[in-house]
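The values are calculated or read from the model by the stated rules, or taken from the named source; none is laboratory data. Just so you know, these numbers come straight off a predicted model, no measurement behind them. In this analysis, Cβ positions are derived from the backbone assuming ideal geometry, glycine residues included, and neighbour counts consider all displayed protein chains.
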Amino acid sequence: MPVYGRLPAELKARLKQALPVFLAEKRFIGCAGLTITDEIRLPVAAQACLLVVNRGVGQYDHVRSILIYPAAFITRHEHRDDAGVHTWEEKVLSGESWTEGRVILSWDDVEEGLETGADACNVVYHEFAHQLDQADGEANGAPTLDDAESYRRWSNVLRKEFDQLQRRLAAGEATLLPEDAAENAAEFFAVATEVFMEQPAELRARHPALYEELSRYYCLDPVAWARR
C-alpha cells in the first residue's frame, strides 16, 4: 500500500488492530485457479479496513466472503423489461459488490491499484464503498449515517454534486470525477470514495463540500497524509 508509509502513527496502529479481526471473519475464495495467499489477503484487507479504520471494522459485519479472480472476469446478468422480455447481458469487470455480503475482485486490478496509488482508480476502495452503501440491503449511494440531519446533509450535498457532474459531462467539460460516477447515486459514492482516498487534495480544492461530507463520514482526512 503506497499510502501506508504516509499514515500517521495512530492510524497505522488502528489499522494493525483491525486487520486480524477482518481476516478472521471474512472468507477469501480463489476463483479460476487462483490460490489465495497472505500476499493476496493482506493488501485487500488493509485497504478495506483503512476505509473504516476510525469507524470500526464492525461496519463490515454483513460482509461474508471475498472472491478473487486472477484477472478481469465475465459476469452474466438477466434483465427483464416492462413487456416481460428476458435478456442476458455479459460484462467484463474488475470488481463487483453483491448485497448478500459478497465482494468479487480481479487480482490484476488490485495489484495495479497498489502500484499506482494516486490515479483514483482502486477496485478495493470502490467495491468496499459499495458494501458500506449496501449494509442496509439497498445500493442507493447513502451508507449508514448517524441521524436524520446527517442524512439530510448527505442527500443535499451528494445530489448537488451528482447533478453538477452530469451537467458538466453533457456539456463536454473536463471533470475530476470520471464519467462512470454519473451512472447513478451508488456509483457516484463509490467513485467519489476512490478520488477521496487517492486524490484528496484535488477533490478538496475542486469539490470542498463533497470532500467535507466524505471526510465526516469516513472520519478521515487524507489531505493530511498527502503532505507527509
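Test L203 against the stated conditions and say whether it is crowded, with 21+ Cβ neighbours inside 10 Å and either in contact with an Asp or Glu (Cβ under 8 Å, 6 or more places away or on another chain) or farther than 25 Å from G5 by Cβ (or both). Taking the combined requirement at face value, the residue does not satisfy it. Is there a residue in the range 141-154 that is within 30 Å of P2 (Cβ to Cβ), over 15 Å from the mean Cα position of the chain (by Cα) and among the basic types (K, R)? Within the range 141-154, none of the residues are within 30 Å of P2 (Cβ to Cβ), over 15 Å from the mean Cα position of the chain (by Cα) and among the basic types (K, R).
For the range 50-71, which residues satisfy the criterion of being of a type outside the set (A, V, I, L, M), under 18 Å from D109 (Cα atoms) and part of a loop (DSSP other than H, G, I, E, B)?
The one that is of a type outside the set (A, V, I, L, M), under 18 Å from D109 (Cα atoms) and part of a loop (DSSP other than H, G, I, E, B): P70.
Among the criteria (1) exposed (fewer than 15 other Cβ atoms within 10 Å of the Cβ); (2) out of contact with any His (no Cβ under 9 Å at 6 or more places or on another chain); (3) not hydrophobic (A, V, I, L, M, F, W, C), the one G137 does not fulfil is (2).
All conditions but one from (1) farther than 19 Å from D180 by Cβ; (2) among the hydrophobic types (A, V, I, L, M, F, W, C); (3) modelled with pLDDT of 95 or more apply to V85; the one that does not is (3).
Mind checking which residues of the range 191-225 are of a type outside the set (A, V, I, L, M), more than 12 Å from the chain's Cα centre (by Cα) and within 16 Å of L165 (Cα to Cα)?
Here is the first cut: in the range 191-225, the residues of a type outside the set (A, V, I, L, M) are 193-194, 196, 198-200, 202, 204, 206-208, 211-213, 215-219, 221-222, 225.
Then keep just the ones that are more than 12 Å from the chain's Cα centre (by Cα); that gives 199-200, 202, 204, 206-208, 211-213, 215-217, 219, 221-222, 225.
Matches in the range 191-225: E202, R204, R206, H207, P208, Y211.
Scanning the range 111-130 for residues that are surrounded by fewer than 21 Cβ atoms within 10 Å (Cβ to Cβ) and in a helix (DSSP H, G or I) yields a count of 5. A single entry from E161, E212, E183 fulfils the requirement of being modelled with pLDDT under 95 and out of contact with any Cys (no Cβ under 7 Å at 6 or more places or on another chain): E183. Pairs linking a residue in the range 1-18 that is over 14 Å from V57 (Cα atoms) to a residue that is of a type in the set (A, V, I, L, M) and in a loop (DSSP other than H, G, I, E, B), with Cβ atoms under 8 Å and 6 or more positions apart or on different chains, are P2/A118.
Identify the residue in the range 155-171 that is hydrophobic (A, V, I, L, M, F, W, C) and within 19 Å of the chain's Cα centre (by Cα) and, among all such residues, is surrounded by the fewest Cβ atoms within 10 Å (Cβ to Cβ). Before the answer, list the steps.
Going residue by residue through the range 155-171, those that are hydrophobic (A, V, I, L, M, F, W, C) are 157-158, 162, 165, 169-171.
Imposing the further condition that a residue be within 19 Å of the chain's Cα centre (by Cα) reduces the set to 157-158, 162, 165.
Values: V157: 18, L158: 20, F162: 22, L165: 23.
It comes out as V157.
For the range 1-21, the candidate set comprises residues that are surrounded by 16 or more Cβ atoms within 10 Å (Cβ to Cβ) and not in a helix (DSSP H, G or I); within that set, the residue that is farthest from the chain's Cα centre (by Cα) is L7.
Going by the structure shown, is L67 under 18 Å from the mean Cα position of the chain (by Cα), at pLDDT 90 or above and farther than 25 Å from R14 by Cα? Working first, answer last.
Details: under 18 Å from the mean Cα position of the chain (by Cα): yes; at pLDDT 90 or above: yes; farther than 25 Å from R14 by Cα: yes.
Answer is yes for this residue.
Taking the numbered list (1) surrounded by 15 or more Cβ atoms within 10 Å (Cβ to Cβ); (2) closer than 15 Å to Y125 by Cα in turn, L42 passes all entries but (1). What are the residues in the range 172-190 that are outside any helix (DSSP H, G or I) and within 20 Å of the chain's Cα centre (by Cα), if any? Matches in the range 172-190: T175, L176, L177, P178, E183, N184. If you go through the range 131-145 and keep only what is assigned to a loop (DSSP other than H, G, I, E, B) and closer than 15 Å to L214 by Cβ, you end up with G141, A142, P143, T144, L145.
Against the condition over 25 Å from A46 (Cβ atoms) and part of a helix (DSSP H, G or I), how does L169 come out, does it pass? Don't jump to the end; show me each part of the working.
Working: over 25 Å from A46 (Cβ atoms): yes; part of a helix (DSSP H, G or I): yes.
Against the criterion (over 25 Å from A46 (Cβ atoms) and part of a helix (DSSP H, G or I)), L169 qualifies.
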